[in-house]
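Taking it in order: structure first as structure tokens, then the write-up.
The values are calculated or read from the model by the stated rules, or taken from the named source; none is laboratory data. Keep in mind that this is a model prediction, so the values were computed, not measured. As a convention, Cβ positions derive from the backbone with ideal geometry for all residues, glycine included, and neighbour counts pool all protein chains shown. Just the protein is used for accessible areas: all its heavy atoms, side chains included, with ligands, DNA and RNA removed. Shrake-Rupley method; radii C 1.70, N 1.55, O 1.52, S 1.80 Å.
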Amino acid sequence: MKIICTKSNLAKGVSIVSKAVPSKTTMPILECILIDATTDVIKLTANDMELGIETRIEGEIIDRGIIALNAKIFSEIVRKLPDNEIVIETDMNNQTMITCEKAKFNIAAQSGEDFSYLPVIEKEDNISVSEFTLKEVIRQTIFSIADNDTNKMMTGELFEIDENVLKVVSLDGHRISIRKIELNDSYGQRKVIVPGKTLQEISKIIGGEAEASVEISFTKNHIVFEFDQTLVVSRLIEGDYFKIDQMLSSDYETKVRINKRELLDCIDRATLLIKEGEKKPIIINIGDESMKLQIKSQIGSMDEEILITKEGKDLLIGFNPKFLIDALRVIDDEEVDLYFMNAKAPCFIKDEQQSYIYLILPVNFNAVA
């Protein structure tokens, strides 16, 4: 095999597929990036058996062939080469020469025939969304997935399609995030659970342009994302997702409308008094025209008051400040509506159209108050 491509094209391709290279594996071939120049295009592929990424790069194919190179060594070499054309050449023994200007690397490689190719997916259903929309939906929900495997369901997000609406849901046992977006077309009903890791990597790869689209396809066991010369194939999480509709309520005793930036900044300031790893609630006292926020810790205490518009009863309630910050940060509205039932029931932050709903469980602050 012999190919020639620019450093920028190669570096971009390597960066994209590297996200599917496992950090730990007992199979050395999975630590590799596959360079496939057996057809008229140059394809780079990485696959950790749960997530696989393939991307095409522009370049010239002098001699067709296929080779698997250790991802860590290959990506570091490409990163540190001069910004010029790179020649990659292999011999019959899988020795690979990488040349750029006066720099020449000679490294051992593995046969491309041993590589675990991406599964061939017979696409059953597919939807189309813009890169911008997908990136935003992930940003606005990914923070509330669980970061450990004690409950596999909680490490993924529900993608539910019903006619022309895509609903994305994540939860970690303390909070729920829901985003609904309207699709341009109507589709059949579908529910799949997508691993959070897959969505985090997709979010890093896609550019986020409103004009560029992502084709999302589903099968029984896989989800496929296609965009801008790149194909991402991921296994789905098997099983039935939580019945979240039972956790949602439209009833409330107290409704507060508040400036989002003021509330976010206030809670952010309050967290200055919390040491890392320390769990201190922020106590919210809702009165007629103002909301008082208070936090106490070993470092000190802070009180602040924000003007609000209130309907219903006064309320004293406590929350993990991080959970409020995470939700408020991803809401783009200038003002937000908060709905409460009582001090032991969850708070709902949602807009009138319910295009977003954030449910946050309160905490018991009696020991602190």
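A few points about this structure:
- Anisotropy class of segment 6-59 from Cα gyration tensor, a/c 1.5 cut: prolate
- Residues with amide H under 5 Å from that of Ile308, placed H, sequence gap 5 or more: Ser290, Met291
- In terms of its C-alpha gyration tensor, segment 235-278 has an oblate overall shape, because the principal axis ratio a/c (a ≥ b ≥ c, square roots of the eigenvalues) is not below 1.5 and a/b does not outweigh b/c.
- Computed about its Cα centre, the charge dipole of the chain is approximately 1220 debye, with only Lys, Arg, Asp and Glu carrying charge at their Cβ.
- Degrees separating the helix 196-205 axis from the principal Cα axis of the chain, which is the longest one: 70
- Translational diffusion coefficient of segment 228-369 (Stokes-Einstein, Kirkwood radius from Cα pairs, 20 °C, 1.002 mPa s): 129 µm²/s.
- For the chain, carbon and sulfur atoms together expose 45% of the accessible surface, with a 1.4 angstrom probe and every protein chain in place.
- Taking trypsin sites (Lys or Arg not before Pro) in DSSP loop states with no more than 13 other Cβ atoms inside 10 Å as exposed sites, the chain has its longest site-free stretch at 124-219.
- In order along segment 23-37, the phi-based Karplus estimate (6.51 cos²θ - 1.76 cosθ + 1.60, θ = phi - 60°) of 3J(HN,Hα) comes to 6, 9, 7, 8, 10, x, 5, 6, 7, 9, 9, 8, 9, 10, 10 Hz; Gly and Pro are listed as x.
- Per-residue ³J(HN,Hα) for segment 325-341, Karplus 6.51 cos²θ - 1.76 cosθ + 1.60, θ = phi - 60°, Hz, x for Gly and Pro: 4, 4, 6, 5, 4, 9, 8, 8, 5, 6, 10, 10, 10, 10, 10, 10, 9
- Interchain or long-range residues, amide H under 5 Å from Thr38's placed H: Gly65
- Gained length - Asp40 relative to Asn151, 0.36 nm times residue gap less alpha-carbon distance: 35.5 nm
- For the chain, the longest principal axis of the alpha carbon atoms and the long axis of helix 7-17 meet at an angle near 60°.
- When restricted to Cα atoms, segment 8-146 yields an Rg and a Dmax of 16.8, 50 Å, respectively.
- Backbone HN-Hα couplings from phi across segment 148-165 [Karplus 6.51/-1.76/1.60, Hz, Gly and Pro as x]: 9, 9, 4, 9, 3, 4, 6, 8, x, 10, 7, 10, 10, 10, 9, 6, 9, 10
- Placing one equal scatterer on every Cα of the chain and applying the Debye formula, the log10 ratio I(q)/I(0) at q = 0.07 Å⁻¹ is -0.42.
- GluC sites (Glu not before Pro) within segment 184-293: DSSP coil, no more than 15 neighbouring Cβ in 10 Å: Glu209, Glu211, Glu238, Glu253, Glu276, Glu278, Glu289
- In degrees, nearest ten, helix 260-270 long axis to first principal axis of the chain (Cα): 90
- Surface per residue (accessible, 1.4 Å probe) for segment 303-363, Å²: 48
- The Rg/Rh ratio of segment 79-178, with both radii computed over alpha carbons and Rh defined as the Kirkwood radius, is 1.20.
- Overall form of segment 163-298 per C-alpha gyration tensor (a/c, 1.5; a/b vs b/c): prolate
- Base-10 log of normalised Debye intensity for segment 133-242 (one unit scatterer per alpha-carbon) at q = 0.17 Å⁻¹: -0.79
- Unit charges on C-beta of K, R, D, E only; dipole of segment 246-356, Debye: 580
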